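One structure is given here, and the rest of the page talks about it.
None of the figures in this text is laboratory data; all of them are computed from the coordinates on show. Here the structure is a predicted model, which is why all the values come from computation and not from measurement. Heads up, the Cβs are rebuilt from the backbone with ideal geometry, glycines too, and the neighbour counts pull from every protein chain shown.
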Amino acid sequence: MTDRMTSTPTRRGAIKTLGAGAAAASLPLWARYAQAQTSAPVKVGFQVHSTGIGAAYGRWYDRTTQAAVAKINAEGGINGRMLEIVAEDDGTDPKRGAEVLEKFANQHGCDVGFGTLFSHVVIGSAPRAGELKLPYFVVSEGHHVASGMLNRYTLQPGITDVKSQVQAMAPYVAKTLGKKVTMIFPDFAFGHDHRDYFTAAMDAQGGEVLAQIAIPPTETSFTKYFPKIPRDTEVLYHVMVGPAVLTFVKELGEFFGPSRPEIFGFIDSLEAVDIASPGLEFLEGTYFWEGNPRYAQADQTEYDKAYRAAVGVDDNGASVSDPKDISTYAHMFGCWETLHVIKAGMEAAGYAGPGDRAALIEAVEAMTEMPHSFEHPQGAKVFNGKTHQVFGHQYISRVEAGRLNVVHKTSIKDTLYSDEVDYTTQSF
Amino acid sequence: MSDLRKSLVLHGGVLVLLFGLQFVLPAYHHGVVARVMVMASYAIGYNVLFGYTGLLSLGHAMFFAAGMYGMGLTVGVLGTAPALAFGVVAGALLAAVVGALALRTAGVAFMIVTLMFAQAGYLTILYFGTYTRGDEGFVIPQAQRVLGAVDLSDPANRYFAALALFALCLMVSLRLVHTSFGRVLIAIRENEERARMLGYNVFARKWAAVVISGTLSAAAGAFYGLLFGYAGASFAGVQYSIFPLLWVLLGGAGTVLGPLVGTLFMFYLIDLSSGVTSAYMLIAGVALVLLTLFAQQGLMGEVRARVWRWLP
Amino acid sequence: MDFGPYLFLATLEGAVGAAVLALTAVGLSLVFGVMRVVNVAHGEFFMLGAVLAWWVATTVGGHPALGFGVALLVAPVLVAGIAAAVDMTVLKRIEYDPERTIVATIGLLYILQQVTLMTYGPDARPVEPPFNARLALPWVEWAEGGLRMYWPWGLSTTSYKLAVIGAAVVVLLGVWALMARTRIGLLMRATQLDREMALAFGIPVERIYALVFGLGAGLAALGAVLVVPIQQAHYLMGADPLLLSFIVVIIGGLGSLPGTVLAAVLIGLSDGIISVFFSPTLAKILATLLVALVLVFRPRGLFGAQAV
């Protein structure tokens, strides 16, 4: 990725650039694009889950995004142009999500769409992104991109998908925790992905999934399902999401009392939740997948340190201004990294305006290695241009004295699987 | 002019206006109006039952979803036009069965029974996640969104298809109020006992209203999936049963144009206020409360009460 | 787990759900019965109760029992006050028209949710229970030489869950006493039977309405305060209690408080017990259809004398 187009402007230069952008905004549409080449800001349409079930995530996705934009602009923006975020709430709803994308493309004149987390919003919006020819960078961890269901305009270069995450866990679970597993998951697509990929990965490790307990998504009490857990279970695998997870963990503790199997869960259950909440004492000694370690580790890298400081997160994964405000640390790094991928892609493509959108996608498709850096603080990554999906390290942490300590870091190789689609064969 | 003629001129005028708008609207609003026309068709379907027959259903999302999934799950096998028809028929059949059962109740119990059936339908979509992909839903590939030689993912074609659907629903609704069948429905709404004593088979007519209403809703659902390329379980949730009720009440229950006005009003209320503040739900909420206080019969209902007394 | 203990456990869990549901539904039933309006925002009053309980408990601090105790008093009263204010400023002015009340309360639902999101935030937050001992439960089985008692794996509950059941019973008895034994209860029942007649007899119907609306919301809030140490306060938590309360009120027969309580117990228990026999989502589908069919074939509800 080249820096050849980037100058490092002075503060005065930046103000001049912004002023020119404001002047350009008053020009007619056709004239604006001609101007855009030099001065108008690059507009990124940001689909935020500000309301609805995704709101806890949305808030932190927003903070991370703002921090990344501040950093990129302080370093001179993209091709010398400032980065501007146009944020719209999608209510965590697929219909509104599609409408918001239309607004980005047709009303705000955004260069790209970005930032969606919840899978149903991604899948509901992606067809519109393809029709509007708006590059759509999602931060969703869903397998929808790499499964081939979407289109050439939709990419996920900032976070690994659930298929990678799940299969990379199986070796550690089988070798260290136990071979007989019972799975508890929500009875919808996200849970089914866990069920299918983990069961297959355990088989490959010589392990066995004894029972699969699907919980209806509207459920608020769980004890009545626990007797379905077979007694010879060695490892309990859980991946509940939504506001009822605290109840889930608490009731699990009350059910097992002093004698429990090993427990392995996905931190998705407890994103934005304090591990030290009353009732969660039961989690002591259990294991979690983490996309990015919430607690600063003893071997913390300088990149993680700088990234935490930029976003405003303390060493315990909480907001620096309010220690009770816990971040969604395992996922939100995806926003930071994706914005840097957009920057790198635009610079490689010599992006000047919406006319270069196809070139931007080709430039991102051409990416492969993403080294561990301030731009990629979670770790090194490998991007697969054919499937539009990135692959990276995963972390397994153990709850010790009320904090999460990393006990294992998977290799990128553990997360790879064979391609299910080649988007580069689709026309623009 | 006779009232009938005035009504034809007005509604014809609205359709002509919608037809003409596509040439002048900026891209964003062009897309919005297309979507609003599809959702307004859903609201028209709802209005047949609620506005004209006086039956408050809280389960119409199941008909909308029946159309959407009936089309979406078969389009890969049957092809576009047959799948569209399949979706509509699926909705009609579901409405026939649900109607026959639910109409044994009345009032609030009818509301709850329809709500329960819809909830069961929503959970069924999740239960058969292998085919439906549950809450996540699935994309309807562009190749399957071609009706004859018309690519429905193209903005102009999409607008035209949405307009065709809306015009059809509007005409069904307009025709209904001018037939004796429609007048009996209104009579049932006003006084069911009296309608029965006059010798009308009330149950059969209410059942027919449920079927018509469900069929129009299913058609809207099938078109939505086809035009916007997505089918998902959120469209079967209780929220999407409340929406048409809200749109119809806002626009004016028991008016032919009310559903369009209500849908359009609600969309822009949220869209514009979300540009100003992230607390747009607050604005929407306050607006709803104010409307109930100051525009008691909905927007078109107020127009009828104050200006055009002939409005159907 | 063996079948017997499993069924017992599911029944216990169902009973806790039933207890909270009974309180919420009785609140809705009062509003429904006396005022003849559908309050779509009832679930939001439930949510407000839970959120205020968290707020009170955190503000008070100290021993968990202290904060919880204060919340138990303060939250329902605050919610009742808000509801009564809504009744006087909005519902009264639209003359309790059934359809417009639905729109107005949908508007209220949006307002309450958004204000909660803006002040309390999107997180789920727990309130610490005043006491919470895990109680392992015994079971009996036939063994050689007669009955034998043993402690099955996993068969347990907590002292707090049992206390919730107890508290709900006490509150419901209180509501019954209020309705059946006091003058204000008499006025409410008179208004429920015939509004015009009540007016003619000089009953201050408007004030009765505000009182009933506040009382209904307060009961929902009370149910929420009781449940918040088991579940958590979250700004979207109102939807489920709303749906379930509707079902319970209709199944129980409109305006029949004993019917509502019975229906709550029935629905709460069956939710627990059906999950023993079927896969969970299938169980939910079957339970939902069962409710619908009960109404189809008994439109007056199981225990109601009045048509709805």
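Observations
- Using only side-chain charges placed at the Cβ, +1 for Lys and Arg and -1 for Asp and Glu, the dipole size of region C:3-297 relative to its Cα centre rounds to 400 debye.
- Per residue, the Cα convex hull of region A:335-409 amounts to 103 Å³.
- Computed from point charges on the beta carbon alone (+1 for Lys and Arg, -1 for Asp and Glu), the dipole magnitude for the protein assembly as shown about its Cα centre is near 2920 Debye.
- Here r is the Cβ-Cβ distance between C:LEU199 and C:LEU73 and R0 is 45 Å; the resulting FRET efficiency, rounded to 0.05, is 0.85.
- Overall form of region C:3-297 per C-alpha gyration tensor (a/c, 1.5; a/b vs b/c): prolate
- Fluctuation leader among C:GLY238, C:GLY202, C:GLY253 - chain C, Gaussian network, Cα springs under 10 angstrom: C:GLY202
- With the Kirkwood sum run over all distinct C-alpha pairs, region B:1-87 has a hydrodynamic radius of 15.7 Å.
- Whichever lysines have a C-alpha closer than 28 Å to that of A:LYS228, once near sequence neighbours (fewer than 8 apart) are set aside: A:LYS163, A:LYS175, A:LYS179, A:LYS180, A:LYS250, C:LYS161, C:LYS284
- Given charges at Cβ of Lys, Arg, Asp, Glu: region C:3-297 dipole, positive-most of C:VAL225, C:PRO138, C:VAL276: C:VAL225
- R0 of 56 Å, Cβ-Cβ distance C:PHE297-A:ALA366: FRET efficiency to nearest 0.05: 0.30
- Inter-part distance, region A:167-230 to region B:11-66, computed on C-alpha centroids, equals 44 Å.
- For region A:142-234: rounded, prolate or oblate by the Cα gyration tensor [a/c cutoff 1.5]: oblate
- Between B:ASP3 and C:GLU144, the FRET efficiency estimated from the beta carbon spacing at R0 = 60 angstrom works out to 0.10.
- Based on every Cα atom in chain A, Rg and the maximum pairwise Cα distance Dmax equal 21.9, 71 Å.
- The angle separating the long axis of helix A:119-132 from the principal Cα axis of greatest extent in chain A is about 20 degrees.
- A dipole drawn for the protein assembly as shown from +1 and -1 charges on Cβ atoms has a positive end, and of C:THR288, C:SER256, A:SER39 the residue lying farthest that way is C:SER256.
- Listed by number, the DSSP H helices of chain B that run 24 Å or longer by alpha-carbon position along their axis and have mean Kyte hydropathy of at least 0.5 are B:3-24, B:27-47, B:61-78, B:80-102, B:107-127, B:155-178, B:202-228, B:258-276.
- Calculated SAXS-style log₁₀ I(q)/I(0) at q = 0.06 Å⁻¹ - chain B, Debye, Cα scatterers: -0.19
- Values of log10 I(q)/I(0) for region C:1-106 across q = 0.17 Å⁻¹ run -0.89, by the Debye formula with one identical scatterer at each alpha carbon and no solvent.
- Each of A:VAL311, A:TYR172, C:ALA53 was scored by the projection of its Cα onto the charge dipole of the protein assembly as shown, and the greatest displacement toward the positive side belongs to C:ALA53; charges sit on the C-beta of Lys, Arg, Asp and Glu.
- Fluctuation leader among B:THR80, B:THR130, B:THR105 - chain B, Gaussian network, Cα springs under 10 angstrom: B:THR130
- Residues listed by number, region C:134-157, amide nitrogen under 20 Å from A:ALA211 label point at 7 Å toward C-beta: C:136-140, C:151-157
- Size descriptors for region C:132-241, from the alpha-carbon set: Rg then Dmax equal 22.2, 74 Å.
- Anisotropy class of the protein assembly as shown from Cα gyration tensor, a/c 1.5 cut: oblate
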